[in-house]
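First up is the structure itself, then whatever we jot down about it.
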Amino acid sequence: MRIRKHSLFAFCVVIAVTVVLSLGVWVGLDRAVDRVTKNEAESRAAHWTQYFYQNLGNLEGLIRSGKPTETQAKLIDAAVQFGDVFRFKVFRPDGTVALVSDEYRFINEGHTLSEVNEKALAVFQTGTSDITTYDGRLKDNRPDTYVEAYVQITDGADQKIGVVEVYLDQTNMAANLRSGFSWIAYALPFLCALIYLVPSLAFLKKGAIANAEKARAERLSKYDVLTGLYNRRSFTLFVEKFFGGNGDDTKPVGMIFIDIDDFKQVNDSYGHEGGDAFLRATARAIEDQLPADGIASRFGGDEFVVCLPGVSKEQLNAIAEKILAAVSNGIEYKGKTIVGHVSAGTHLAAGSQDIEDVLHAADIAMYKAKESGKNTVTSYTCDMEQELKERQRIEKLLRQAVDGTGLELHYQPINASDSKAILGFEALLRLQSEDGTIIGPDQFIPLAEKLGLIKPIGNWVLEEAISNAKSWPEHMFVSVNLSPVQFEPQDLPSMVANLLEKYEFPAKRLELEVTESLLMGDDGSVHKQLEALKEMGISIAMDDFGTGYSSLSYLWKYKFDKLKIDRSFVLGYENDSETLKKIIETIVVLGHGIGMEVTAEGVENDTHIDALAHMDFDQLQGFYFGQPMDANEAARVISADTLNTIQRQIAAGIEPEQNVA
Ligand code: C2E
Ligand code: CA
Ligand code: CA
């Protein structure tokens, strides 16, 4: 508002100065015309006076008598026709009138006017002509512009004899001058405009543009350009009044944190324009569900936050649910329908709470909503905070672990189903916290995948497993678990090949375990990498079989070397033995049928051993044979197992094998 007032003031000043300048030019021109007219008149009057004196004959006599002779009278009548002179008066040296050109015939003989004309007297005494211009437009018998010129009359010997007042018609002269000067009169204001007004206006325009830019920048700093909602900064500033020192505990305030589910997919499928359209539609869907005092903002990316003062918990969650439903309606975009969803976290805060804590709580609840399957509303509870802290703690440890710091591999034996001898070990990763306690992989592997840290960590695991297994007996293999994320850069086969070469570790002693999730949505690159690994002689095992889709198509498409039946089958065996038994038997037969070895996981006790005894498993794995153990313990177990095997072989009258270390 202030900016506009300033501009208006500056504009008025510019206009006023231009008008004053233009008026000045007009007045100046008028004066110039007057000046030139007077000069011209003076010169004409002087010439005329000379002519008059020379031709009249005995002007001195006329001045004295005031009565012209007949000849003089004729000449007087002729003189008013000459040189634009339309009238004249002759004065005596004392300033009294001797003759008036258009009145002398009516004046009695010898009679003269006795009053003194001051101007005529002064001109007689000083010799300086007196010239005055008159506007005759409103006077009878007068031209539009005329001059009264008092000029001294001198005789042949330069003796002053009187004064003549000559009336000169200067109308044409002034008009000609004016029209001659008129182009200047018109051109000058234009010139003024050019050299003053135009730059001033340009300056003002620049100012106006700068003001508009400033206003735009202000708008941008306050609102999100894409959706028109408040941006994070202005939203936080705006709702701060409900919280902390400004807040009132008797008036709870609702906060909803909203995040679009799998927004990357929307962008990938419909391009950034489609993504933008969906963001705008989400903003509208949110706004449409809010009461009049609800405040919505786009926090950045695909995150939105809503503040609802004075709502109950039920109202808060109901609004969040309505937002979810409205977004799920989808939008029409370029003839297609974009269907997308959002997850929302809600928190009903006390007014005394700090705004950052309130936002944080709603954010945690939103994460919880994502974890529990997305497209859902979750309310904040205190234990979520603990969970988040734990996650942050693990994240910190993981970031330090990228070079192996705090990482440890444990090894769980995998035994032969018949002889029960150890055939190899599965490498299972552990993360050590600052206080020395061990964190299990289920707690940190998904987070490492999300944070993009699984690749360096996975590489460390492979190298550590290979370098350790190198010291084991040559018939023993090591099995390493791989995350689907490790297949994304497509350099896994070359990376593994380098490690095998570095440690001179035979490929056939390395087994890689993958899960079904790796194969879902494979565009061929996973298949290619698995083939390359197999070609090196590495064994590929399908892990946790029976838990996911257990799609049979994967089994023939990818040609695994081993099938590891998930431990839930064995562990659940006791509850529904007959059905489960049939399923397990079928899987074993199926695996063998397509040339795979089959391993049972989760073998914990004698019951399991007995139940599995008459099934045709190749390998067994579980706590019954050993918990995952560190490398030193694994070395001791290997020694003991070797001894056992030798003893068994001797007892059975078999020559002990050479390769049993
Ligand atoms: P998994 O591949 O199925 O590994 C076997 C898990 O079952 C291990 O848990 C092991 O301790 C546990 N287990 C073994 N025998 C028994 C038993 O008789 N009863 C029961 N109840 N559990 C048994 P752990 O070590 O916590 O590993 C969990 C999962 O973490 C693994 O499941 C694997 O998917 C993943 N994981 C472990 N290490 C790595 C790794 O280096 N990289 C990747 N990407 N994932 C890993
Ligand atoms: Ca495994
Ligand atoms: Ca498994």
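Just so it is clear, none of the values below were taken in a lab; they were calculated from the coordinates. Just so you know, these numbers come straight off a predicted model, no measurement behind them. So basically every Cβ, Gly included, is an ideal-geometry build from the backbone, and we count neighbours across all protein chains shown.
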### Message
Order these by the 10 Å Cβ neighbour count, fewest first: Asp276, Asp383, Asp435, Asp302.
### Response
Asp435, Asp383, Asp276, Asp302
### Amide H contacts under 5 Å for Thr96, placed H, 5+ residues apart
Asn117
### Message
Testing the spin-label approximation: label points 7 Å from Cα along Cα→Cβ at Gln54 and Lys502. State their distance in nm.
### Response
12.7 nm
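Ranked by Cβ crowding within 10 angstrom, fewest neighbours first, how are Val90, Val36 ordered? Numbers along the way, then the final one.
Details: Val90 26, Val36 16.
Ascending Cβ contact count within 10 Å gives the list Val36, Val90.
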### Summary
Residues meeting the amide H criterion for Arg87 (H placed from the backbone, H to H distance under 5 Å, 5 or more places apart or on another chain) are Tyr167
### Query
So what is the 222 nm mean residue ellipticity for the chain from helices alone, if each DSSP H run of at least 4 adds -39500 (n - 2.57) and you divide by all residues, rounding to the nearest 500 deg cm²/dmol?
-16500 deg cm²/dmol
#### Entry: At R0 = 56 Å, FRET efficiency that the Cβ-Cβ distance of Gln400 and Phe203 yields, to 0.05
0.40
### Query
Where does each of 164-170, 214-220, 347-353 land if you order them by average Cβ count within 10 Å, highest first?
164-170, 347-353, 214-220
### Query
Ranked highest first by the average count of other Cβ atoms within 10 Å around their residues, in what order do 518-527, 589-598 fall?
589-598, 518-527
### Message
If R₀ is 60 angstrom, what is the calculated FRET efficiency for the pair Lys581 and Asp262, using the beta carbon separation as r and rounding to 0.05?
### Response
0.90
### Query
What are the residues whose amide H is under 5 Å from the amide H of Tyr104, where those residues sit 5 or more places off or on another chain and H is modelled from the backbone?
none
### Query
From the backbone phi of region 248-257, what are the Karplus-calculated ³J(HN,Hα) couplings (6.51 cos²θ - 1.76 cosθ + 1.60, θ = phi - 60°) in whole Hz, Gly and Pro given as x?
10, 5, 7, 10, x, 10, x, 10, 10, 9
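Give the calculated FRET efficiency between Lys336 and Asp249 to the nearest 0.05, with a Förster radius of 30 Å applied to their Cβ-Cβ distance.
0.05
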### Summary
Karplus ³J(HN,Hα) for region 91-102 (6.51 cos²θ - 1.76 cosθ + 1.60, θ = phi - 60°; Hz, whole; x = Gly/Pro) runs 10, 7, x, 7, x, 7, 7, 9, 7, 10, 4, 9
### Message
For region 404-463, what does the relative contact order come out to in percent, with C-alpha contacts under 8 Å and a separation of six or more?
### Response
27 percent
## Note on the structure
Checked against a 24 Å limit on the C-alpha separation, the offending pairs among Lys139/Lys160; Lys241/Lys368; Lys557/Lys581; Lys241/Lys313; Lys89/Lys139 are Lys139/Lys160; Lys241/Lys368; Lys557/Lys581
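Over the chain, what is the relative contact order in whole percent, taking alpha-carbon pairs under 8 Å and six or more residues apart?
8 percent
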### Query
Between region 447-512 and region 587-661, what is the C-alpha centre distance in whole Å?
23 Å
### Message
Taking only complete DSSP H runs, can you tell me which helices of the chain stretch 20 Å or more along their own long axis by Cα positions and average at least -1.0 on the Kyte-Doolittle scale?
### Response
2-56, 171-192, 198-222, 263-289, 313-328, 355-371, 454-469, 577-593, 631-651
### Task
Give a residue-ordered list of calculated ³J(HN,Hα) values for region 539-552 (Karplus: 6.51 cos²θ - 1.76 cosθ + 1.60, θ = phi - 60°; whole Hz; x for Gly, Pro).
8, 10, 10, 8, 8, 6, 5, x, 8, x, 6, 6, 5, 5
### Message
Using Cβ counts within 10 Å as a stand-in for footprinting exposure, how do Val588, Val358 rank, fewest first?
### Response
Val588, Val358
